[in-house]
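Read through the structure below, which is laid out as C-alpha cells, and then see the notes.
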Amino acid sequence: MADMSAYAGLATGGRFRARGWLVFDPARAASYLTPFRPSKVFVWDDRFLPLRLDEVAKTELAFLEGCVEVEGFWDGEALLVSRWDEDAAVDPAVASLRVLAQRVREAFVHTHEEHPDFEAFAATLGKHPSVLAMTHIALAEYGRVYVLSSPEPERVEALVAQGSAGPVVVFPSRWNEAQLEDARALVDSVPADQVLKIGEATTDRGERYAHALVTQLPDGFEAARDLLPEGIVDVRPWIEHVSGPITSPDALDNGSPLG
C-alpha cells in the first residue's frame, strides 16, 4: 500500500493539478505521476502521486511518452483524473527559451561577419560587472547569437560597440545583482525536505532567475517573494490546488481531455 503521508494536506474532494511523467507499478497494478524523469526500471518513490484513471484515460495515456499535466479530484487515496494535457506540461524554462529565441530573432541585426577574436571578447563581456547574465541562442538563419542581460544596457551596448564584431544582442534586465542574490537566498531558504528540484534558468528576456519545485510553499514565502521583482523567483508546488472540495459527484467530468 502506498504511503499517503506525503498527501495528508490534500483536501478530499478538492481539485488539484500536477505536471510530470506517468509511471506504472506492475506489482501494484497502479499508475502514478512523478516530478522526476523516470528510469526504464521501475523504482518506487513515496513522492509518486497515485492516479485513478477511467478506461478513457487509460487508453489515451497508455501510449503517451514525455510529460503530461493532469487535473482531477483527490478522493483521499488517489487523484481521480478528469482532465489531461501533454501540451501544457512543457517545462517553464523550455517555454521561456522558445520565446527568448523569437525575441532575439526580432532584435538581432546581421550586418557583418564575425571577427576571429569575437569568442574571446564575448568571454570577457560575460564577466563584466554590468552583465548580469549571458547565454546564447542558436538561430537557423544566423547560427549562435549571444544574449547579454544587464540593468545597464546602454553601458553594455557601448562596450559591445568598442570590441570585436560578432553576433550579440543586449536586453535590459528588470533586476540587478543584489536583487538576484536576494532571490537565490529566498529559494535556498525552502527546507530541504520540501524541495524536489532547484536551480536557475533564463527568462524570456535573457535574465537569470531562481526556481524550484516544492512539495508545498513554506509559511511566509509568498509574502517574501512579493518584495522582489516579478519573475525573479519561480517556486511552484508539485501539486497545485485548483479549487476547494466539491459538494456533488455530478460535478465530475471524467475522461474529458483538456482542449
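The values are calculated or read from the model by the stated rules, or taken from the named source; none is laboratory data. Just so you know, these numbers come straight off a predicted model, no measurement behind them. Every residue, glycine among them, receives a Cβ derived from its backbone with ideal geometry; neighbour counts consider all protein chains shown. Please note that ligands, DNA and RNA were not included when accessible areas were found on the heavy atoms of the full protein model with its side chains. Shrake-Rupley method; radii C 1.70, N 1.55, O 1.52, S 1.80 Å.
Can L49 be described as modelled with pLDDT of 90 or more and either of a type in the set (A, V, I, L, M, F, W, C) or open to solvent by 70 Å² or more (accessible area, probe 1.4 Å) (or both)?
The answer is yes for L49.
Which of the following residues is farther than 30 Å from A18 by Cα and of a type outside the set (S, T, Y): P116, P92? Walk me through it before giving the result.
Numbers: P92 fails: farther than 30 Å from A18 by Cα.
None of the other options fit; the residue is P116.
Checking the condition surrounded by 20 or more Cβ atoms within 10 Å (Cβ to Cβ), farther than 30 Å from S31 by Cβ and not charged (D, E, K, R), which residue from L132, L97, L79 passes?
L132
P172 is checked against (1) of a type outside the set (S, T, N, Q); (2) open to solvent by 70 Å² or more (accessible area, probe 1.4 Å); (3) more than 21 Å from I232 (Cβ to Cβ); (4) touching a strand residue (DSSP E or B) at 6+ places or on another chain (Cβ under 9 Å) and fails just one. What number does that condition carry?
In the conditions (1) of a type outside the set (S, T, N, Q); (2) open to solvent by 70 Å² or more (accessible area, probe 1.4 Å); (3) more than 21 Å from I232 (Cβ to Cβ); (4) touching a strand residue (DSSP E or B) at 6+ places or on another chain (Cβ under 9 Å), P172 misses (3) alone.
Taking region 198-225, which residues are over 30 Å from E106 (Cβ atoms) and part of a strand (DSSP E or B)?
Hits for region 198-225 are I198, A212, L213, V214.
Give the residues of region 186-237 that are of a type outside the set (K, R), closer than 23 Å to A11 by Cα and within 15 Å of the chain's Cα centre (by Cα), sorted by residue number.
Listed by number, the residues that qualify are V195, L196, L213, V214, T215, V235, P237.
As an exercise: evaluate A89 against (1) at pLDDT below 90; (2) farther than 30 Å from V242 by Cα; (3) open to solvent by less than 20 Å² (accessible area, probe 1.4 Å); (4) within 26 Å of the chain's Cα centre (by Cα) and give the number of the one condition it does not meet.
(2)
Being at pLDDT below 95, closer than 26 Å to R205 by Cβ and not aliphatic (A, V, I, L, M), is that true of even one residue in region 52-63?
no
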